[in-house]
Amino acid sequence: MYKVGIVVQRYGIEINGGAEYHARLIAEKIRGDVEVEVFTTTALDYVTWEHHYPAGICKINGIPVHRFTVERERDPHRFGQIQARVFEQEHSMEDEMRWLEEEGPLVPKLLDTLQTRATEFDWFIFFSYRYYHSWHGISRFRDKTILVPTAEHDPVLYLRLFRNTFRLPGAIVYNSHEEKFLINLVSDNQHVPGLIVGVGSEIPERFDVAGFLRRHEIQAPYALYIGRLDENKGVPELLDFFLRMQNQTKNEFHLVLIGKAWIPVPDHPRIHYLGFMPDGEKFNALKGSAFLINPSQFESLSMVALEAWALGKPVMANGRTEVLRGQCLRSNAGLWYTNYAEFIAIWERLGENECLRKKLGENGRRFFLDHYAWPEIRRKYNQVFAMLAGNQKKSNQRDSADAAG
């Protein structure tokens, strides 16, 4: 049995979104096919990398998790100044390396541990290209790495620092066609073996929609947003559009928001901000919704859209985000907007047309089962492992032949 180490910036049951949730789901699903250990930090907060979990070894759902303390927390003000320089001004590679160190999480001991134990593992799987440990780890271990980039169409991708990063791994596991196209375009890395895989989700068998509605005093039909409430996720625009719409439409749908808020949430009778929710309650909310809305500006794959489709719910998405538009097109299970007028039109259409919602939801359900059910995700990961093992065998045979000659 192969042995893999999954390396990710944060890891824990409390993290129910993003690359970190993605990493945990993959770890738990492939462990029947390969032996898995996780290497991560003690941080829970992705803004400062503040120490939260005890350092050392623990087990989460049966998987050994090695936690390392971040040597220096991120100062958001200092980081913002450095980021403004590398994003907006002429700068040097030294500036970009300084940005990487400030981006963090700064965990050289994690990398040293990987080096010490490298011979125990067939491959290290790094989640998210943009962090300190991923850049240094991929540079150090190269063919021994599998990168899950979770790349988005943002300024980080265009830094010179990362152009070579995408050319070094043994393989790349992409989240979407759009992500693969973007990375190929930026780094010219077509020679690196890659597969579009994505991730599945843990869909419960039972729901308590009536209890959810009662607990949160929601009586009207509603659209649902799930995720961080911040600028990058497009939530300020969503709130602005929703509030402006109230004076221009008779649609009675409310807006329910689930996730940690990094921005102010307006006090409005049709806006229900519920904060962070455990997975069970999140799926209750999703099951009870009329449709999901994803206004995000940056995505490599929308996991919440996949979860909505798994439950037969249509998706309303920000069409300015290529990944979201592509997911809606391939699934035929979502509609997208690019401006305020389109937002109102689609909101009203989905709100008023139950037959349309049902048809889109049925399409989404089929799409999820065909491409993102766990047996399919596991099959693709095993395909990557087999490909890398075959490449290693061929390389060893060539080395033996050269030595003999």
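A short reminder: the numbers here are calculations on the coordinates, not readings from a lab. Because the structure is a prediction, the values reported are computed rather than measured. Positions of Cβ are generated from backbone atoms using ideal geometry, with glycine treated the same way; all protein chains shown enter the neighbour counts.
State, to one decimal in nm, how far the label point of Glu348 lies from the label point of Trp374, with both points 7 Å from Cα in the Cβ direction.
4.4
Helix 18-30 sits at what angle to the longest principal axis of the chain, using alpha carbons and giving 0 to 90 degrees rounded to 10?
Taking the Cα atoms of the chain, the angle to 18-30 is about 60 degrees.
How much FRET efficiency would the formula 1/(1 + (r/R0)^6) give for Val265 and His91, where r is the Cβ-Cβ distance and R0 is 25 Å, rounded to 0.05? Before the final figure, lay out the partial values.
Details: r = 36 Å, r/R0 = 1.44.
Result of the calculation: an efficiency of 0.10.
Averaging sequence separations of C-alpha pairs under 8 Å and six or more residues apart, then dividing by the length of the chain, give the relative contact order as a whole percent.
Numbers: 723 pairs, mean separation 48.6, N = 405.
Once normalised by length, the contact order is 12 percent.
Is it possible to state the helix-based mean residue ellipticity at 222 nm for the chain, with each DSSP H run of 4+ residues giving -39500 (n - 2.57), the sum divided by total residues, to the nearest 500 deg cm²/dmol? What is it? Each step should come with its number before you reach the end.
Working: 14 runs with 175 residues, N = 405.
Rounded to the nearest 500, the figure is -13500 deg cm²/dmol.
For a quick check, take a GNM of the chain with Cα springs below 10 Å and name the residue from Lys250, Lys29, Lys359 with the largest mean-square fluctuation.
Sorting by GNM fluctuation, first place goes to Lys250.
If each residue of separation counts as 0.36 nm, what is the full-extension length gain between Asp188 and Asp143 once their alpha-carbon separation is subtracted? Before the final figure, lay out each step's value.
Working: separation 45, 0.36 × 45 = 16.20 nm, distance 1.73 nm.
Extra length from Asp188 to Asp143 when fully extended: 14.5 nm.
Give me the angle, in degrees from 0 to 90, between the Cα long axis of helix 279-288 and the longest principal axis of the Cα atoms of the chain, rounded to the nearest 10.
40
What shape does the stretch 207-283 have by the C-alpha gyration tensor, where a ≥ b ≥ c are the square roots of the eigenvalues, rounded means a/c under 1.5, and otherwise prolate means a/b greater than b/c and oblate the rest?
oblate
Considering the chain as a Gaussian network with a 10 Å cut-off on Cα pairs, which listed residue, Gln297, Gln115, Gln327, attains the greatest mean-square fluctuation?
Top of the fluctuation ranking is Gln115.
So which trypsin sites (Lys or Arg not before Pro) in the stretch 88-177 are both in a DSSP loop and have at most 15 other Cβ atoms within 10 Å of their Cβ? If you can, show how the numbers build up before the last one.
Working: sites: Arg98, Lys109, Arg117, Arg130, Arg140, Arg142, Lys144, Arg160, Arg163, Arg167; in loops: Arg117, Arg130, Arg163.
Sites meeting the loop and neighbour criteria: Arg117, Arg163.
For the stretch 186-227 and the stretch 64-78, compute the distance between their C-alpha centroids and round to whole Å.
28
Answer rounded, prolate or oblate for the stretch 110-253, using the Cα gyration tensor with square roots of eigenvalues a ≥ b ≥ c: rounded when a/c is under 1.5, else prolate when a/b is larger than b/c, else oblate. Please report the intermediate quantities before stating the final value.
Numbers: a/c = 2.91, a/b = 1.95, b/c = 1.49.
Verdict is prolate for the stretch 110-253.
Please work out whether the stretch 209-371 counts as rounded, prolate or oblate from its C-alpha gyration tensor, where a ≥ b ≥ c are the square roots of the eigenvalues and a/c under 1.5 means rounded, while otherwise a/b larger than b/c means prolate and anything else oblate? Intermediate values should be presented prior to the final figure.
Values: a/c = 1.26, a/b = 1.15, b/c = 1.10.
Rounded shape, in that the Cα axes give a/c under 1.5.
If I compute Cα extents along the principal axes in Å from the structure I just sent, which labelled value in (i) 79, 45, 40; (ii) 90, 43, 35; (iii) 75, 43, 42 lines up?
Among (i) 79, 45, 40; (ii) 90, 43, 35; (iii) 75, 43, 42, the one derived from this structure is (i).
Can you put Ile346, Ile293 in order of Cβ neighbours within 10 angstrom, beginning with the fewest?
Ascending Cβ contact count within 10 Å gives the list Ile346, Ile293.
Along Cα→Cβ, 7 Å out, is where each label goes; now give me the distance between the ones at Glu73 and Leu195 in nm to one decimal.
For Glu73 paired with Leu195, the spin-label model returns 4.1 nm.
For a quick check: with amide H placed at 1.01 Å from N, whose amide H comes under 5 Å from Asn294's, ignoring anything fewer than 5 positions away on the same chain?
Under 5 Å from the amide H of Asn294: Met316, Ala317, Asn318.
Pairing the Cα long axis of helix 132-141 with the longest principal axis of the chain, what angle in degrees results, from 0 to 90 and rounded to the nearest 10?
With rounding to tens, the tilt is 40 degrees.
Need one number: nm distance between label points at Arg160 and Val47, each 7 Å from Cα along Cα→Cβ, rounded to one decimal.
According to this spin-label approximation, the distance is 3.3 nm.
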